[in-house]
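Trainee: Right, I'll just put the structure down here and ask away after.
The values are calculated or read from the model by the stated rules, or taken from the named source; none is laboratory data. Note that the structure is a prediction, hence the values are computed from the model and not measured. Because the Cβ atoms are built from the backbone with ideal geometry, glycine has one as well, and the counts that use them run over all protein chains shown. Heavy atoms of the whole protein, side chains included, go into the accessibility calculation; ligands, DNA and RNA do not. Shrake-Rupley method; radii C 1.70, N 1.55, O 1.52, S 1.80 Å.
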Amino acid sequence: MVGGGCMGASVAYHLARRGITDVVVVEREKMLGTGSTGRNAGGVRHQFSHEANIRLSIESIALLERFADEVGQAIDFHQDGYLFLLSSSQSVETFRRNVALQRSLGVEVQWLDGADAARLAPGLNADEVLGATFCQRDGIADPNGVTMGFARAAQALGVSIERDTEVTGIRVERDRITGVETSRGAIETRRLVNAAGPYARQVGLMAGAEVPVDPYRRHIFIATLEPVDRGTRMPASRIMVIDFETTFYFHREGAGLLFGMGDKHETPTFDTTVQWDFLPQVIEVAVTRLPALAEASISHAWAGLYEVTPDANPIIGPAHGVDGLFLINGFSGHGFQHSPAAGRVLADVIAGRDPHFDLQPFAADRFAARPADAAETRTGAVPGERYFV
């Protein structure tokens, strides 16, 4: 297993639950979950536009709700809901279709107007909001708690986790995985899981497999307000509010406010340096939706990497052309929230079980089969899937 973030830990846990315990998780950092897993906002939602993603959410959120009982670790999980704000007729039409799909799969999603949205999120300026959607069972979870819960449970069942260990090469003979070279020695194996997050392409190339995943930087800022300003000028709950047109989002984080926004000019990069010159662009949008931010101070910020595929949907399953190589990559900003279900599904595939999940939308060869379509979707043709935490 290459990668000790939430995805690698989930696969390891679910393999161990199926009796496959001769598993080694290789993580190049000294701690687990310090890459993309540890740099996300923790959002968890049912509100997707693709049926397969909705099904991943249904299963993942159900496990998060019973995580302490099933996995054995208490996690910080607040189901205060996701609120999407829509300010164009095109978005309203798109979300009406999305809500119909979500409801058909048993997800309870409410359709609201601007006034309803403002009541749910005190301090919100809902001017020009034509409609909004809200799902109460969406929320914010703790990435570190989930990752460590999976990892500790997997270790208790016999899985080995090697930290501070880098994969330096992958041995392939006759188009089949035969082993892995690491900074601490070789590991003989005929099955390898690429759970390397934004580095999935590089790990794939070591085995001669093309994994179309590129890293995109995303910023998160934390703002603080004077105590007198709290309550009526910002939500008291951890409701996640997303302005769909601009991708600006925010939620309460302790006594402060966590917020961010996608940068449409960002190009692929592994650089996680905070670009402070981007903050004024975010603030310009932010104060329109949450006026109290105009008087807030920024206490700190960080940047993480999204692992993005051409169609903004993940790759789950066997690699194309290399036997024994399995992929769980490219979740395009929703990897943490889908890691419980995605790890279970891939574990079933590796174990030779029926995952009871249609993986065709996530097949590795879909890009090779339709290169023209893949190029077209890179522009963001599935905006609801790609840029939101």
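Trainee: Using the basic label-point model (7 angstrom from Cα toward the beta carbon), what is the Leu101 to Ser89 distance in nanometres?
Mentor: 2.3
Trainee: Please report, for the Cα atoms of the stretch 203-320, the Rg to one decimal and the Dmax as a whole number; what are they, in angstrom?
Mentor: Radius of gyration, then largest Cα-Cα span, for the stretch 203-320: 17.4, 59 Å.
Trainee: Related question: Using a 1.4 Å probe and counting only protein heavy atoms, arrange Tyr199, Tyr13 so the residue with the most accessible area comes first.
Mentor: So, going from the largest accessible area down, we get Tyr199, Tyr13.
Trainee: While we're on this one: Please list, in order along the stretch 99-106, the HN-Hα scalar couplings obtained from phi with the Karplus expression 6.51 cos²θ - 1.76 cosθ + 1.60 (θ = phi - 60°), rounded to whole Hz, x for Gly and Pro.
Mentor: For the stretch 99-106, the Karplus-derived couplings read 5, 4, 5, 4, 5, 5, 9, x Hz, x marking Gly and Pro.
Trainee: Here is a follow-up. Need one number for the stretch 90-144: average projected area of the convex hull over its C-alpha atoms, nm².
Mentor: The orientation-averaged projected area of the Cα hull of the stretch 90-144 comes to 5.1 nm².
Trainee: Magnitude of the Cβ-charge dipole of the chain, K/R +1 and D/E -1, about the Cα centre, nearest 20 debye?
Mentor: So the dipole magnitude of the chain works out to roughly 680 debye.
Trainee: Say each of Arg119 and Ile298 gets a label point 7 Å from the Cα, pointing the same way as Cα to Cβ; how far apart are those two points in nm?
Mentor: If labels sit at Arg119 and Ile298, their model points lie 3.6 nm apart.
Trainee: Let me ask another. What Kirkwood Rh does the chain have if only Cα atoms enter the pairwise 1/r average? Answer in Å.
Mentor: Taking the inverse mean of 1/r over all distinct Cα pairs, the chain comes out at 21.3 Å.
Trainee: Can you give the Rg/Rh ratio of the stretch 1-73, where Rg is from the C-alpha atoms and Rh is the Kirkwood radius?
Mentor: Ratio of gyration radius to Kirkwood radius: 0.99.
Trainee: For the stretch 321-368, taking Cα atoms only, what is the radius of gyration to one decimal and the Dmax to the nearest whole Å?
Mentor: That works out to 11.1, 29 Å for Rg and Dmax.
Trainee: Which one of Val2, Thr224, Val23 is farthest out on the positive end of the charge dipole of the chain, using unit charges on Cβ (Lys, Arg +1; Asp, Glu -1) and the Cα centre as origin?
Mentor: Val23
Trainee: Could you give the length gained on full extension between Gln202 and Ser183, defined as 0.36 nm per residue of separation minus the Cα-Cα distance, in nm?
Mentor: Extra length available between Gln202 and Ser183 comes to 5.2 nm.
Trainee: Assuming R0 = 41 Å, can you tell me the calculated FRET efficiency for the pair Gln110 and Asp354, based on Cβ-Cβ distance, to the nearest 0.05?
Mentor: About 0.75, to the nearest 0.05.
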